[in-house]
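As structure tokens, the structure follows; a few thoughts come after it.
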Amino acid sequence: MSHNSFGHLFRVTTFGESHGVAIGCVVDGCPPLLPLGVEDIQRDLDRRRPGQSRFTTQRQEPDQVKILSGVMAHPESGIQVTTGTPVALLIENTDQRSKDYSDIKDKYRPGHADFTYEAKYGIRDHRGGGRSSARETASRVAAGAVARKVISGVTVRAALVAMGPHRIDRDKWDWDEVARNPFFCPDKDKAAFFEGYLDGVRKSGSSIGAVIEVVAEGVPAGWGAPIYGKLDSDLAAALMSINAVKGVEIGEGFNAAALSGEQNADEMRMGNNGPAFLSNHAGGILGGISTGQPVVARFAVKPTSSILSPRRTIDRAGADTDILTKGRHDPCVGIRAVPVGEAMMACVLADHLLRHRAQVG
């Protein structure tokens, strides 16, 4: 098992390294006759692309995607559509600076996957981390753009809701504001605060973590399956697989442990359009199956491990030493995780839509 693939009927395999020739993915199981052009994918990649503000890595990657297979012009309309065969997507790396890592090729960065990769494989790619780099997530975003075509009618959006110890004011939540600031933050006032806060973190050579919230609206009741095919367990696994993620919660998540049964219960009434829930503590999923409410998940991204502050570590020979990491790194990698979270949510929902149809028609 290669462990570079996820999904069942909508299955995504990613490939490539941070400082290799290219990265990309193969999307298998995509239904035919879905309109799909480069512009559909590029739109999402541009939101994740590095170097767009002083608050992200200054690596300049255009992230121009190429569709290698799985699409063709429809013989009648001329519109490019999927054919039902694997959709292969390629993104070339153009701004690698491997020399930035030459000083640490024999040292393990604390908090990074350097040690564990070498412990497992006997070799590691010190040039930016290889597969453990956040660069890999561009492939996921490309796959997520394809998934959005499968779940047409479902809206998947995400936002940064906390940075370090600072959280947004939910009463000021404005989805339109997410596109207006470099933090994907729905709270205008908190976004202004984050500018000064992250400038301080960046200038000190350090980094900070963040919490991202992903919301899918328009998911009908019935997606997911009991026990081992739960929608929330697959979603948790998908979000946890994102680089640097250390925690995932659905709905109230860990806060549910502090609620009473009366507080946590999502009461129901019959509405004009069928059953209606009076709250959504469950995050739109009960028993592993969607309820028809918005599916809500959050994930915590740890601080970037590559920092300029000296840290204690060991080298490959087992000797104690110190390390600081030069190069271009995100002071808060959680910022660019927003479109990645959307992509993983979309891929999981696309997979469960196809699985639902396969089982119940």
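Could you tell me which of rounded, prolate or oblate describes the stretch 141-180, using a ≥ b ≥ c as the square roots of the eigenvalues of the alpha-carbon gyration tensor, with rounded for a/c under 1.5 and, failing that, prolate when a/b is larger than b/c and oblate otherwise?
prolate
Determine the share of the chain's accessible area contributed by carbon and sulfur atoms, expressed in whole percent, with a 1.4 angstrom probe.
53 percent
Who wins for biggest fluctuation among Gly284, Gly16, Gly318 in a Gaussian network model of the chain, springs between alpha carbons below 10 Å?
Gly318
What does the net charge come to around His3 if you take all other residues with beta carbon closer than 12 Å to its beta carbon, with K and R at +1 and D and E at -1?
+2
Which of the listed residues, His8, Ile104, Gly20, is farthest toward the dipole's positive end in the chain, when Lys, Arg count +1 and Asp, Glu count -1 at the beta-carbon?
Looking along the dipole axis, the top candidate is Ile104.
For the chain, what does the relative contact order come out to in percent, with C-alpha contacts under 8 Å and a separation of six or more?
22 percent
Calculated FRET efficiency, Met270 and Ser5, Cβ-Cβ r, R0 51 Å, to nearest 0.05?
0.75
Long-range amide H contacts for Leu286: which residues qualify at under 5 Å (H placed 1.01 Å from N, peptide plane, sequence gap of 5 or more or a different chain)?
For Leu286, the qualifying residues are Thr291.
Looking only at Lys230, Lys120, Lys190, which one moves most when the chain is put into a Gaussian network model with springs between Cα atoms under 10 Å?
The residue with the greatest mean-square fluctuation here is Lys120.
Could you compute the net charge surrounding Ala236? Neighbours are other residues with a C-beta less than 13 Å from the C-beta of Ala236; K and R count +1, D and E count -1.
For residues surrounding Ala236, the net value is 0.
Between the stretch 287-342 and the stretch 251-272, what's the alpha-carbon centroid distance in Å?
Cα centroid to Cα centroid, the span is 31 Å.
Would you mind counting up the charge near Lys190? Only other residues with Cβ under 12 Å from its Cβ, with Lys and Arg at +1 and Asp and Glu at -1.
-3
Are there chymotrypsin sites (Phe, Trp or Tyr not before Pro) in the stretch 227-313 that DSSP puts in a loop and that have at most 11 other Cβ atoms within 10 Å, and which ones?
Tyr228
Obtain the nm distance between the two label points defined at Thr85 and Asp320 by a simple spin-label model: each point lies 7 Å from its Cα along the Cα-to-C-beta direction.
If labels sit at Thr85 and Asp320, their model points lie 6.1 nm apart.
Assign unit charges at the C-beta atoms only (+1 for Lys and Arg, -1 for Asp and Glu), then state the dipole size of the stretch 110-212 relative to its Cα centre in Debye, rounded to the nearest 20.
380 debye
How large is the convex hull of the Cα atoms of the stretch 105-145 per residue, expressed in Å³ as a whole number?
Considering the Cα atoms of the stretch 105-145, their hull volume per residue is 73 Å³.
Mean residue ellipticity at 222 nm from the helices of the chain, using -39,500 (n - 2.57) per DSSP H segment of n ≥ 4 over the full residue count, to the nearest 500 deg cm²/dmol?
-7500 deg cm²/dmol
For the chain, with the dipole built from +1 on Lys and Arg beta-carbon atoms and -1 on Asp and Glu ones, taken about the Cα centre, which of Thr313, Ile289, Ala192 lies farthest toward the positive end?
Going by the Cα projections, it comes out as Thr313.
Using a simple charge model, +1 on the beta-carbon of Lys and Arg, -1 on the beta-carbon of Asp and Glu, nothing else, what dipole does the stretch 264-361 show about its Cα centre, in debye to the nearest 20?
Taking the Cα centre of the stretch 264-361 as origin, the dipole is about 220 debye.
Can you list the HN-Hα couplings for the stretch 120-137, worked out from phi with the Karplus curve (6.51, -1.76, 1.60; θ = phi - 60°), rounded to whole Hz and with x for Gly and Pro?
7, 9, x, 7, 9, 8, 6, 6, x, x, x, 6, 7, 6, 5, 4, 4, 5
Please state, as a whole number in µm²/s, the translational diffusion coefficient that the Stokes-Einstein equation yields for the stretch 207-305 at 4 °C and 1.567 mPa s, with Rh defined as the Kirkwood radius across alpha carbon pairs.
D = 90 µm²/s.
In debye, nearest 20, what is the charge dipole magnitude of the chain about its Cα centre with +1 on Lys and Arg Cβ and -1 on Asp and Glu Cβ, if you could check?
It works out to roughly 840 debye.
Would you work out which of Ala265, Leu239, Trp223 lies farthest towards the positive end of the dipole of the stretch 217-353, given +1 charges on the beta-carbon of Lys and Arg and -1 on that of Asp and Glu, about the Cα centre?
It is Leu239.
Would you look at the GNM of the chain, springs on alpha carbons closer than 10 Å, and say which of His329, His126, His74 moves the most?
Maximum among the listed residues: His74.
Starting from the Cα of Lys105, draw a straight line to each of the lysines and keep only those under 26 Å, dropping any in the same chain fewer than 8 residues away.
Filter leaves Lys120, Lys203, Lys246, Lys302, Lys326.
Whole number in Å², please: accessible area per residue of the chain, 1.4 Å probe, ligands, DNA and RNA not counted.
Heavy-atom accessible area per residue stands at 47 Å².
The values are calculated or read from the model by the stated rules, or taken from the named source; none is laboratory data. From a predicted model like this one, the values you see are computed outputs, not experimental measurements. Cβ sites come from the backbone with ideal geometry, for glycine too, and all protein chains shown count toward neighbours. Side chains included, ligands, DNA and RNA excluded: accessible areas come from the protein's heavy atoms. Shrake-Rupley method; radii C 1.70, N 1.55, O 1.52, S 1.80 Å.
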